[in-house]
Protein chains: 2
Amino acid sequence: MTPITKKIGVLGAGQLGRMLAIAGYPLGQKFGFLGTSHDEPSALLGQMYTDEVESLKDLVKFSDVMTYESENTSVEMVREIARSIPVYPGEKSLYYSQHRGREKGLFDELSIPCAPYQVVDSLENLTQAVDEIGLPAVLKTTTEGYDGKGQFVLKEKSQIDQAWKAIGGRELILEGFIDFSRELSIVAVRNADNEHVYYPLVQNVHHDGILRYTIAPARQISETVQTQAEAYMKALLDKLDHVGVLTLELFETVDGLVANEMAPRVHNSGHWTIEGALTSQFENHVRAITGLPLGDTSPRQPVAAMINIIGETGPVAEVLKMPNAFLHLYDKAERAGRKLGHINLVADSEDALYEQIKQLSAFLPAEDKSES
Amino acid sequence: MTPITKKIGVLGAGQLGRMLAIAGYPLGQKFGFLGTSHDEPSALLGQMYTDEVESLKDLVKFSDVMTYESENTSVEMVREIARSIPVYPGEKSLYYSQHRGREKGLFDELSIPCAPYQVVDSLENLTQAVDEIGLPAVLKTTTEGYDGKGQFVLKEKSQIDQAWKAIGGRELILEGFIDFSRELSIVAVRNADNEHVYYPLVQNVHHDGILRYTIAPARQISETVQTQAEAYMKALLDKLDHVGVLTLELFETVDGLVANEMAPRVHNSGHWTIEGALTSQFENHVRAITGLPLGDTSPRQPVAAMINIIGETGPVAEVLKMPNAFLHLYDKAERAGRKLGHINLVADSEDALYEQIKQLSAFLPAEDKSES
């Protein structure tokens, strides 16, 4: 072991853990994962602890520091682990980001614009909230739910019963509809020495609630808007004493940026950074949680993109033949709607980038194919 | 597993296996290693088979294809494994590159210029060879020996006895002295579909027989010289039916390029390609041996460098603070003369590159420090 080597435990063993490990080994770090089977994406990339009774205890024993893949990690578990070793990001970051009501409350507190919202726990509450917020609005579960799951778009009052039946019977949040031109996101990193670094805002395109591709940096973002986004991130990072990567999804509107939700972790919309930035989000997360200086977040080329590989592995040999295209597979079996990997692209001009994206239309949903 | 996933067995578990794995997982490949302990650089990056009796058999069972880290791998072992699964590069590549006499014979056969040489196995032979080749000359073991080990520089006839005592008593090769201006090397790749790709010639600076840094591409190389080097590589790759990476070390002389030695594997002088080229030597080796199309070998920026971290891990936090610098540690304990990692640098100009190298003088041998 080199003198700077630390052992990093990861709660989870999916593609995020996998990419953290691939980025972390070159820094001399070692990895262990809490997983459910030896077939998971991270399984061959470190010491694997599967879900037997002693696994968590053993992983804690293995690790110098713990991190996690999901904002749905139990706060109680993190608190328990933190008695033995540091857990980054800390429980405050988890507590806020795993509940949409608390999250919105935090945005309000820090004067970060977000949609009008109301937490509801009954059909009556919901009806009242619809009256106050107005329609259209989006009804969501307050906890869990990702990639568009656990959501219902309410367009008319007549749908209220149907919506409650579909996802109700538990705590929900009604969010006023935001009229946005684009979906953006920003990835930021803070370490325990209070260094902050920010990646440029990127533009995300979803389809059926799943991120399909990202353009990085987002086109035509003024310096003022980037600075505004960084200010929001700084407020969040400092308020949460956040250590590691924090991602914020935003809507671009005529009135400026509006926060959607945050994730206390490396994020799909930051995958472009592996070849697109001087330091990837994965490497910077590892640096942050192991007490190392943060790395330069500048793009390596003027434009980059990330295309998700969803459901089917697809014609990846074609990707391998393209210069400036980088394949990232997660070693997962094909299944409809499943994220199996992604393709990173870098280019010197927007035209060149869109030409490359066109060549990869097989990986994009049909609507985008017909557009190109 | 994705449909294109292959399981790659590696004979050896050092830094080369480690970097092959880090490059291969994103392509969806899985790795297994034949090692001697669970502390080796590759140990956490795949299924580890340590040197118990059944290990090789189990690794063969695990693997779809086998490769190796060292040109000193036993040809007999490779032949045995090849009865079950493909081994790349094949035994022909190993047979020639693990014996300096055969290697020189192959260079002669393919009209690749090399030093005059003679294989000797006795003091009498050696004396005779010195008469024919003249002095100065370099006496080397025909097999094994790397990083300057097993070599003796003969300047005067009076040293013949001393030289034979130092490294003789076994088969040796006497090589005529080459008056060179620079040490260069070229990395090339061939896959079983007979695709060939070549990286640019790079310039290597050794100290005490150990590579200390590489400048990539080598400065002021004419297109003619690059083309000549590629022609030599093509002749070697085709003659050997080579599949995977092949590296050739060359001397630059007033009469043109002179071959020194080759290695049937990824090479220290190719480590710059990880961030310096569109596809790294490691990824291209993995592509070649798993039947995938080869990747673009173009540099990502005008100039790059690789500095080896030798003996002591050194002030790596300083490296992490430098933009355009990329740290690669091998998770090895410090020991004099040991390769513990390397630093890759990329830059837009030669001046910027040399400025960066200067900042990293702590990692360079004293002579180079005083020069800067």
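The values are calculated or read from the model by the stated rules, or taken from the named source; none is laboratory data. Keep in mind that what you see is a predicted model, and the values were worked out from it rather than measured. Backbone-built Cβ (ideal geometry, glycine too); neighbour counts: all protein chains shown. The accessibility values were calculated without ligands, DNA or RNA, using every heavy atom of the protein model including side chains. Shrake-Rupley method; radii C 1.70, N 1.55, O 1.52, S 1.80 Å.
Listed values, structure above:
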read-out	value
Portion, in percent, of the accessible area of chain B that falls on carbon or sulfur, probe 1.4 Å	47
Charge dipole magnitude, Cβ of K and R +1, D and E -1 - the stretch B:133-213, Cα centre, debye nearest 20	220
A:PHE251 - accessible surface, heavy atoms, 1.4 Å probe, Å² rounded to 10	30
Cross-link partners of A:LYS239 among aspartates and glutamates (Cα-Cα below 20 Å; sequence separation of 8 or more within a chain)	A:GLU71, A:GLU91, A:GLU103, A:ASP108, A:GLU109, A:ASP193, A:GLU195, A:GLU230, A:GLU249, A:GLU261
Exam field: A:ASP64 pseudo-label spacings to other copies (7 Å along Cα-Cβ), nanometres	3.6
Principal axis dimensions, the stretch B:200-320 - Cα atoms, whole angstrom, descending	45, 40, 27
Sequence-separation-based contact order of the stretch A:7-87, relative, with Cα cut under 8 Å and 6+ spacing, percent	34
By accessible area with a 1.4 Å probe, ligands and nucleic acids excluded, highest first: order of A:LYS339, A:LYS6	A:LYS6, A:LYS339
Spherically averaged projected area in nm², based on the convex hull that wraps the Cα atoms of the stretch A:10-72	4.0
Over the stretch B:175-263: Rg over Rh, Cα atoms, Kirkwood Rh	0.97
Teacher prompt: A:GLN359 distances to equivalent labels in other copies, 7 Å Cα→Cβ, nm	3.4
Distances in nm from A:ASP108 to the matching label points in the other copies, shortest first (labels 7 Å along Cα to Cβ)	8.8
In the stretch A:162-261, the GluC sites (Glu not before Pro) that fall in loop regions by DSSP, at most 15 other Cβ within 10 Å	A:GLU195
Dipole magnitude (debye, nearest 20) for chain A, charges at Cβ of Lys, Arg, Asp, Glu	780
Cα-based convex hull, the stretch B:116-176, per residue volume (Å³, whole number)	67
Mean projected area (nm²) of the alpha-carbon convex hull when chain A is viewed from all directions	19.0
Restricting the stretch B:20-103 to GluC sites (Glu not before Pro) in coil, as DSSP defines it, with at most 16 other Cβ within 10 Å	B:GLU52, B:GLU54
Cα principal axis extents for the protein assembly as shown, largest first, Å	104, 52, 48
Accessible area per residue, Å², the stretch B:182-371 with all protein chains present, probe 1.4 Å	34
Kirkwood Rh in Å, taken over all unlike Cα pairs in the stretch B:16-110	14.5
Kirkwood Rh in Å, taken over all unlike Cα pairs in the stretch B:69-149	14.6
Over the stretch A:46-194, equivalent-ellipsoid semi-axes from the Cα gyration tensor in Å	36, 19, 13
Over 27 Å (Cα to Cα) - which of B:LYS7/B:LYS92; A:LYS7/A:LYS104; A:LYS234/A:LYS358 fall in this group	A:LYS7/A:LYS104; A:LYS234/A:LYS358
